[in-house]
Amino acid sequence: LKANGAPALQYGWVEGQEPLRKLVAQRLVARGARVQADDVIITNGAQQAISIAVQLVTGAGDSIGVQPASYPAALDLFRARKLALSTLEKGRASYVMPGVGNPDGRALPAKTRAALLSGRRPIIEDDAYGELRFSPTPGPPLLLNEQPARTYHVGTFSKTLCPGLRVGWLVVPPRRRAHALRLKQNDDLQSNSLSQAVLADYLAHNDFDARLVALRRLYRRRAQRLAEAVQKALPGWRFNFPEGGFCLWIEADAAVDETRFLELALAEGVTFDGGSAFHAQPVAHRATHLRLCFSFEDPARFREGVARLARAWRRAQRQTSRKTSRPASRRTKAKRRPRKGAHERRR
Ligand SMILES: Cc1ncc(COP(=O)(O)O)c(C=O)c1O
């Protein structure tokens, strides 16, 4: 408040404060993008950036292509906008997390990426976790670098600093910028001035890249510790080790009732994210998916947490197999028998 005085508490421009836009642009330029401060729109987190982008690239009745497992709040947003969720090959536009996916923590497969880049459709690039790749070598380039005329690039400080300030950004092709700003203005006039001032001040006075190096190391270690604990306690569970981000995306070795499994886990004092929230379409094959986060908890508690989860899992499996092997009761059988005259009445 002392450093920025009135601007931190005053109305500002729709696109956000210039010092912060400059810093965001510099960071994108360092990653190979050809952008300037004037290409950046500061948003209320990545979520608002996705919301504006999707309004720019789709209309009523369109479909949007998404990865088979994707970020639930984006899927909810698309559904709320009455968009049909489709595969990436089919949508009117695509929504992807090319560097680090949520929930799988992995880069977009090379073939999928190449197909997107060689297509003609608009792409929403959600880079929320892109700077949290574990490997010190750079990941795949931003789609923004390769296809700036079709890419709607979304970023955020939520995963690298703190989500509570609600500061993210959006870069759209220059010809769409005026429309993007109108949508932003209609939505909330501008992002929070104080948050923007706090962030600009923080970035100007701290070594953010050094912070990222430390975070990548921290999260990689946590990922390893959680992966080891899961492999030991639940050897039938499968996952690809994440390339970045906050979680393991797991395919368990049996199908159970997800809600019941969650209830049993909660009774043990642990929790997980059920796979159904991440699937764009219901998954037909017989497996349970779940996302386990390692970002927040103390790794010293991982072994105990996973042991409790394993107990809940075994119980859920027992309950599922009892349910599926129990013969139908007389009452249910009677209910299933068509009532006299039902056939005629239906006609
Ligand atoms: C992939 C992805 N995109 C966007 C967001 C939203 O981020 P923000 O807090 O910046 O709105 C999240 C938050 O979980 C996320 O996982």
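The values are calculated or read from the model by the stated rules, or taken from the named source; none is laboratory data. A quick note: this is a predicted structure, and the numbers were derived from the prediction, not measured. Methodologically, a virtual Cβ is constructed for each residue, glycine included, from the backbone with ideal geometry; neighbour enumeration extends over all protein chains shown. The protein model used for the area step is the full one, side chains on, heavy atoms only, and it has no ligands, DNA or RNA in it. Shrake-Rupley method; radii C 1.70, N 1.55, O 1.52, S 1.80 Å.
Each row is one residue, and each column tells you yes or no for (1) open to solvent by 70 Å² or more (accessible area, probe 1.4 Å); (2) in contact with a helix residue (DSSP H, G or I) (Cβ under 7 Å, 6 or more places away or on another chain); (3) modelled with pLDDT of 95 or more.
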| site | (1), (2), (3) |
| --- | --- |
| Gln10 | yes, yes, no |
| Glu18 | yes, yes, yes |
| Asp38 | yes, no, yes |
| Tyr71 | no, no, yes |
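Residue count for the stretch 118-133, restricted to those that are outside any strand (DSSP E or B) and either touching a strand residue (DSSP E or B) at 6+ places or on another chain (Cβ under 7 Å) or within 15 Å of the ligand (Cβ to nearest atom) (or both): 8.
Right, Thr112: within 12 Å of the ligand (Cβ to nearest atom), among the polar types (S, T, N, Q), touching a residue at least 12 places away in the same chain (Cβ under 8 Å) and surrounded by 15 or more Cβ atoms within 10 Å (Cβ to Cβ) or not? Judged against the criteria, Thr112 is not a match.
Val171: under 17 Å from the mean Cα position of the chain (by Cα) and within 16 Å of the ligand (Cβ to nearest atom), yes or no? Against the criterion (under 17 Å from the mean Cα position of the chain (by Cα) and within 16 Å of the ligand (Cβ to nearest atom)), Val171 does not qualify.
Could you tell me which of the residues Leu215, Leu264, Leu226, Leu248 is more than 30 Å from Tyr95 (Cβ to Cβ), at pLDDT 95 or above and crowded, with 17+ Cβ neighbours inside 10 Å? Don't jump to the end; show me each part of the working.
Numbers: Leu215 fails: more than 30 Å from Tyr95 (Cβ to Cβ); Leu226 fails: more than 30 Å from Tyr95 (Cβ to Cβ); Leu248 fails: more than 30 Å from Tyr95 (Cβ to Cβ).
Selected residue: Leu264, the only one of Leu215, Leu264, Leu226, Leu248 that is more than 30 Å from Tyr95 (Cβ to Cβ), at pLDDT 95 or above and crowded, with 17+ Cβ neighbours inside 10 Å.
Return yes when Pro163 is at pLDDT 95 or above and away from the ligand (no atom under 16 Å from the Cβ) and no when it is not. Talk me through it step by step, then tell me what you get.
Details: at pLDDT 95 or above: yes; away from the ligand (no atom under 16 Å from the Cβ): no.
No, not satisfied.
Considering each of Ala229, Ala265, Ala254, Ala223 in turn, give the residue that is touching a residue at least 24 places away in the same chain (Cβ under 8 Å), more than 30 Å from Gln17 (Cβ to Cβ) and assigned to a loop (DSSP other than H, G, I, E, B). Walk me through it before giving the result.
Working: Ala229 fails: assigned to a loop (DSSP other than H, G, I, E, B); Ala265 fails: assigned to a loop (DSSP other than H, G, I, E, B); Ala223 fails: assigned to a loop (DSSP other than H, G, I, E, B).
When all the criteria are applied, what remains is Ala254.
Taking residues in the stretch 161-189 that are open to solvent by 70 Å² or more (accessible area, probe 1.4 Å), and partners anywhere that are assigned to a helix (DSSP H, G or I), the pairs with Cβ atoms closer than 8 Å and at least 6 places apart or on different chains are Pro163/Gly45; Arg166/Gly45; Arg166/Ser195; Pro174/Asp39; Asp187/Gln48; Asp187/Ser51; Asp187/Ile52.
Taking residues in the stretch 33-58 that are free of Cβ contacts under 8 Å to residues at least 40 places away in the same chain, and partners anywhere that are more than 8 Å from the ligand (Cβ to nearest atom) and of a type in the set (Lys, Arg), the pairs with Cβ atoms closer than 9 Å and at least 6 places apart or on different chains are Gln36/Arg21; Gln36/Lys22; Ala37/Arg21; Ala37/Lys22; Asp38/Arg21; Asp38/Arg177; Thr58/Arg81; Thr58/Arg92.
Step by step: first the residues of the stretch 134-144, then only those that are touching a residue at least 40 places away in the same chain (Cβ under 8 Å) and open to solvent by 20 Å² or more (accessible area, probe 1.4 Å), then the one that is farthest from the ligand (Cβ to nearest atom). Which residue is that?
Going through the stretch 134-144, the residues touching a residue at least 40 places away in the same chain (Cβ under 8 Å) turn out to be 134-136, 138-144.
In the following step, the residues that additionally are open to solvent by 20 Å² or more (accessible area, probe 1.4 Å) were identified as 135-136, 138-141.
On the way: Ser135: 19, Pro136: 22, Pro138: 20, Gly139: 15, Pro140: 16, Pro141: 19 Å.
Filtering the stretch 134-144 for residues that are touching a residue at least 40 places away in the same chain (Cβ under 8 Å) and open to solvent by 20 Å² or more (accessible area, probe 1.4 Å), the one farthest from the ligand (Cβ to nearest atom) comes out as Pro136.
Checked against (1) more than 20 Å from Leu248 (Cβ to Cβ); (2) touching a strand residue (DSSP E or B) at 6+ places or on another chain (Cβ under 6 Å); (3) open to solvent by 30 Å² or more (accessible area, probe 1.4 Å); (4) not polar (S, T, N, Q), Ala80 passes all but a single condition, namely (2).
What tally of residues in the stretch 26-71 results from selecting those that are more than 14 Å from the ligand (Cβ to nearest atom) and among the aliphatic types (A, V, I, L, M)? Working first, answer last.
Let us first name the residues in the stretch 26-71 that are more than 14 Å from the ligand (Cβ to nearest atom), namely 26-40, 55-65, 68.
Next cut, among the aliphatic types (A, V, I, L, M) only: 28-30, 33, 35, 37, 40, 56-57, 60, 64.
The total comes to 11.
Gly12 meets the conditions (1) over 25 Å from Leu212 (Cβ atoms); (2) within 16 Å of the ligand (Cβ to nearest atom) in every case but one. The failed one is (2).
Quick one: would you say Arg315 is crowded, with 17+ Cβ neighbours inside 10 Å, of a type in the set (Lys, Arg) and closer than 13 Å to Glu268 by Cβ? Before the answer, list the steps.
Values: crowded, with 17+ Cβ neighbours inside 10 Å: yes; of a type in the set (Lys, Arg): yes; closer than 13 Å to Glu268 by Cβ: yes.
Yes.
Inside the stretch 80-117, can you point out the residues that are in a helix (DSSP H, G or I) and either at positive phi or of a type in the set (A, V, I, L, M) (or both)? Write out each step before concluding.
Just the residues of the stretch 80-117 that are in a helix (DSSP H, G or I), to begin with: 80, 110-117.
Scanning the stretch 80-117 gives Ala80, Ala110, Ala114, Ala115, Leu116, Leu117.
Can you find a residue in the stretch 24-32 that is open to solvent by 10 Å² or more (accessible area, probe 1.4 Å), touching a residue at least 24 places away in the same chain (Cβ under 8 Å) and in contact with a strand residue (DSSP E or B) (Cβ under 8 Å, 6 or more places away or on another chain)? No.
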